[in-house]
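What follows is a set of notes on a single structure, which appears directly below.
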Amino acid sequence: MGRFLLFALIGVFVFGVGCKKQSIKYKEIIGDTTKTGTFDDEPSIRVNSSKDINLKTVYFEFDRSDLTERSIETLKENAAYLVSGSNIKIILEGHTDERGTTEYNLSLGQRRALKVKEYYTRLGIAPNRIATISYGKEKPIEMGGNEIAWSKNRRVEIKRLLN
């Protein structure tokens, strides 16, 4: 029994080491501070975390990833700016309010980001100019357990990638 367990552990270790995950590094610039992380589908990139005044945040209803009329207008305004600068690349950061499990909120944040990406591509923005990531409930913009705070946290932030 002991040998079997030893061989099983060795097999798990070898399999885990042999499977290379495609994680891609990025740097997020926040003032004078640089934060490093990874994406699964983009080459090494740098994110300008300071708000690009031309790219407005899109907000969502509770537990929804559907675009509202208001969010569609915001996306159209953003798209006009993005089309004017055809070399601009962006990242769509999906966020949720604090309610729900971490796993559920990560999934919801990703659905929101992908919905925005889909709409941008319909407006003529090339998909290879758009990366997505979900932070779920991990990066609230407003603290508080009330509807005012929750409504501000249900969002997709559009950030410009640094070349």
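The values are calculated or read from the model by the stated rules, or taken from the named source; none is laboratory data. All of these numbers come straight from a predicted model, not from anything done at the bench. Cβ sites come from the backbone with ideal geometry, for glycine too, and all protein chains shown count toward neighbours.
Couple of notes before you dig in:
- If you go through the range 142-163 and keep only what is touching a helix residue (DSSP H, G or I) at 6+ places or on another chain (Cβ under 9 Å) and exposed (fewer than 12 other Cβ atoms within 10 Å of the Cβ), you end up with just Met143.
- Cβ pairs under 8 Å, 6+ apart, first in the range 135-147 and within 18 Å of Glu61 (Cβ to Cβ), second part of a strand (DSSP E or B) and modelled with pLDDT of 95 or more: Gly136/Gly94; Gly136/His95; Lys137/His95; Pro140/His95; Ile141/His95; Ile141/Arg155
- All positions within the range 80-99 that are at pLDDT below 95 and either farther than 16 Å from Leu161 by Cβ or aromatic (Phe, Trp, Tyr) (or both): Ala80, Tyr81, Val83, Ser84
- The range 125-141, subset assigned to a loop (DSSP other than H, G, I, E, B) and in contact with a helix residue (DSSP H, G or I) (Cβ under 6 Å, 6 or more places away or on another chain), residue nearest to Glu103 (Cα to Cα): Lys137
- The set of residues in the range 59-90 that are closer than 17 Å to Glu138 by Cα and either in a helix (DSSP H, G or I) or hydrophobic (A, V, I, L, M, F, W, C) (or both) comprises Phe60, Phe62.
- With respect to (1) free of Cβ contacts under 8 Å to residues at least 60 places away in the same chain; (2) farther than 16 Å from Ala79 by Cβ; (3) of a type in the set (Val, Ile, Thr); (4) crowded, with 19+ Cβ neighbours inside 10 Å, the lone exception for Ile125 is condition (2).
- Given (1) in contact (Cβ under 8 Å) with a residue 40 or more places away in the chain; (2) touching a Lys or Arg at 6+ places or on another chain (Cβ under 8 Å), number of the condition Asn105 does not satisfy: (1)
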